[in-house]
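Read-outs: derived from the displayed coordinates by stated rules, not from any lab. Note that the structure is predicted; figures quoted are calculated from it, not measured. Heads up, the Cβs are rebuilt from the backbone with ideal geometry, glycines too, and the neighbour counts pull from every protein chain shown.
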Number of protein chains: 2
Amino acid sequence: MDVLVPYDAREPKTRLGPFLTPTERRSVARSMLADVLDALSRVGVEPTVLATEDIAADVPVRVDERPLTPAVNAAIAERDGPVAVVMADLALATPAALDRLLTAEGDVVLAPGLGGGTNALLARHPDFRVDYHGVSYQDHREAARAVGAAVTTIDSFRLAVDVDDPPDLAEVLVHGDGETAAHLRSLGVEIAPEGGRVAVSRSAE
Amino acid sequence: MDVLVPYDAREPKTRLGPFLTPTERRSVARSMLADVLDALSRVGVEPTVLATEDIAADVPVRVDERPLTPAVNAAIAERDGPVAVVMADLALATPAALDRLLTAEGDVVLAPGLGGGTNALLARHPDFRVDYHGVSYQDHREAARAVGAAVTTIDSFRLAVDVDDPPDLAEVLVHGDGETAAHLRSLGVEIAPEGGRVAVSRSAE
């Protein structure tokens, strides 16, 4: 199956800015991509990284400088048959969760992300196109309905956590066992239990 | 199977304070409890609500004024056989997700919550006890190991979202179709798309 992994190689993860320097944000983004590619390889998939600029990778890289939505739709339009799109910042993605996505029934399979996003999807309907702007989970359901495609939703915490904001780093540190968690620890990022949800803190260097 | 639903009837959901009045927080907490009880009833379970004070409910209510951890452990200790504990603020819990929890193999089954919490669990080992303070997901894994209990984790977004902070209300509005979502809408709470994750806003009354 064709699997696309969109990756912003230029200025990734700006919302982690208060916590990580631009160089660190790029290296953490690269760790997350490595974890996603590793999880995909363990379900027997060789994805294509859809990157904003050329990067070194062990899998094919397609460069498209455009924003996420047109870049993904152009890649989808070129393909016959099912296409999956898995975000590059799903540092907690497991082979089991990805397998549920890739083997689910339905013309369009959606894995919601926190905050109304769509972190992973599988499109079997030739007319389905993505739109990541706004509350994309709702928009993708509507777009599927508009082309007569039956929608299935994957109920996965592992796929719901994309790493955009500092609290997401806590999720990676609590639940992750891949390169991203190790990399964050090497940067001095650690969990900081508070009254409610766990947060992160960073030791002075 | 014995299923406990701990419920704070006195001053629930204080972290929603900037967004809802104390009276509204109690009514929203009650809506969430109703949604959880409804989802449990649809998998054929009659739970016991473990409440801090007596409340009217269609299911048995056990009153225990103590904090969450000792109240749950006292109830667990009295029971023979498996006991599940499902938090009362899982407004997105579906019968399918709860069924996965209640039928999973393992001596201790954990459904992690956002921020290191444990939103639902199933204990089949007689010596397992809960501790909801701190990063309880990690602590419960450790507690299970300490008594020689094999741990299974349920990967569910629906069970991972507990409603503690205002952004969680956005999850309910995007994904919920129960009493809580309707109640929030009746209070004028609506989703407010932003640059990143969707937030909530509230219309002036």
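A prolate overall shape is assigned to the protein assembly as shown, the ratio a/c of its alpha-carbon gyration tensor axes (a ≥ b ≥ c) being 1.5 or greater and a/b exceeding b/c. I'd like the FRET efficiency for A:V63 and B:A104, computed as 1/(1 + (r/R0)^6) with the beta carbon distance as r and R0 of 35 Å, rounded to 0.05. That gives a FRET efficiency of 0.20. For region B:180-194, putting each phi into the Karplus relation 6.51 cos²θ - 1.76 cosθ + 1.60 with θ = phi - 60° gives couplings of 5, 4, 5, 5, 4, 4, 5, 8, x, 7, 9, 6, 10, x, 10 Hz, in residue order, rounded to whole numbers and with x for Gly and Pro. The spacing between region A:176-200 and region B:183-197, judged by their C-alpha centroids, is 29 Å. Amide H to amide H distances under 5 Å link A:E194 with A:A199, where only residues 5 or more positions off or on other chains count and H is placed in the peptide plane. Dipole size of region B:2-163 about its Cα centre, with +1 on Lys/Arg Cβ and -1 on Asp/Glu Cβ: approximately 320 debye, rounded to the nearest 20. For the rotation carrying B onto A, the chain B residue whose Cβ lies nearest the axis, with the distance in whole Å, reads B:F157, 3. Think of each Lys and Arg Cβ as +1 and each Asp and Glu Cβ as -1; about the Cα centre, that makes the dipole of the protein assembly as shown roughly 160 debye.
Summed over qualifying helices (DSSP H, 4 residues or more, each -39500 (n - 2.57)) and divided by its residue number, the protein assembly as shown shows a 222 nm mean residue ellipticity of -10500 deg cm²/dmol. In nanometers and ordered shortest first, the copy-to-copy spacing of the A:R202 label point, defined 7 Å from Cα toward Cβ, is 3.3. Close amide H partners of B:T118, meaning residues 5 or more places away or on another chain with modelled amide H under 5 Å apart, are B:G113, B:S136, B:Y137. For region A:164-173, the Karplus equation 6.51 cos²θ - 1.76 cosθ + 1.60, evaluated at θ = phi - 60°, returns couplings of 10, 10, x, x, 5, 5, 5, 4, 5, 5 Hz by residue, with Gly and Pro reported as x. Across chain B, Cα pairs under 8 Å and at least six residues apart give a relative contact order of 21 percent. Taking packing as the residue-averaged number of other Cβ atoms within 10 angstrom, the listed peptides B:124-137, B:48-61, B:85-98 run from highest to lowest as B:85-98, B:124-137, B:48-61. Taking Cβ atoms as reference points and 10 Å as the exclusive limit, the residues near A:L90 contribute a net charge of -2, counting Lys and Arg as +1 and Asp and Glu as -1.
Per-residue Karplus couplings for region A:136-142, computed as 6.51 cos²θ - 1.76 cosθ + 1.60 with θ equal to phi - 60°, are listed in order as 5, 4, 5, 5, 5, 4, 5 Hz, Gly and Pro entered as x.
Comment: the Cα-to-Cβ extended label point of A:G188, at 7 Å, lies 4.6 nm from its counterparts in the other copies, nearest first. When B:D38 is represented by a point 7 angstrom out along its Cα-to-C-beta vector, the spacings to that point in the other copies are 4.2 nm, nearest first. Would you work out which of A:V3, A:V108, A:V163 lies farthest towards the positive end of the dipole of region A:2-164? Charges go on Cβ: Lys and Arg +1, Asp and Glu -1. My answer, from the dipole projection, is A:V163.
Legend: mean number of C-beta atoms from other chains within 10 angstrom of residue C-beta atoms, peptide B:157-166, equals 4. Counted over the protein assembly as shown, the DSSP beta bridges are approximately 50% antiparallel.
For region B:2-163, the residue among B:P47, B:A75, B:P95 whose Cα projects farthest onto the positive side of the dipole built from Cβ charges is B:P95.
Taking the Cα centre of region B:106-175 as the origin, how large is its charge dipole in debye, to the nearest 20, when only Lys and Arg (+1) and Asp and Glu (-1) carry charge on their Cβ atoms?
Rounded to the nearest 20 debye, it is 300 debye.
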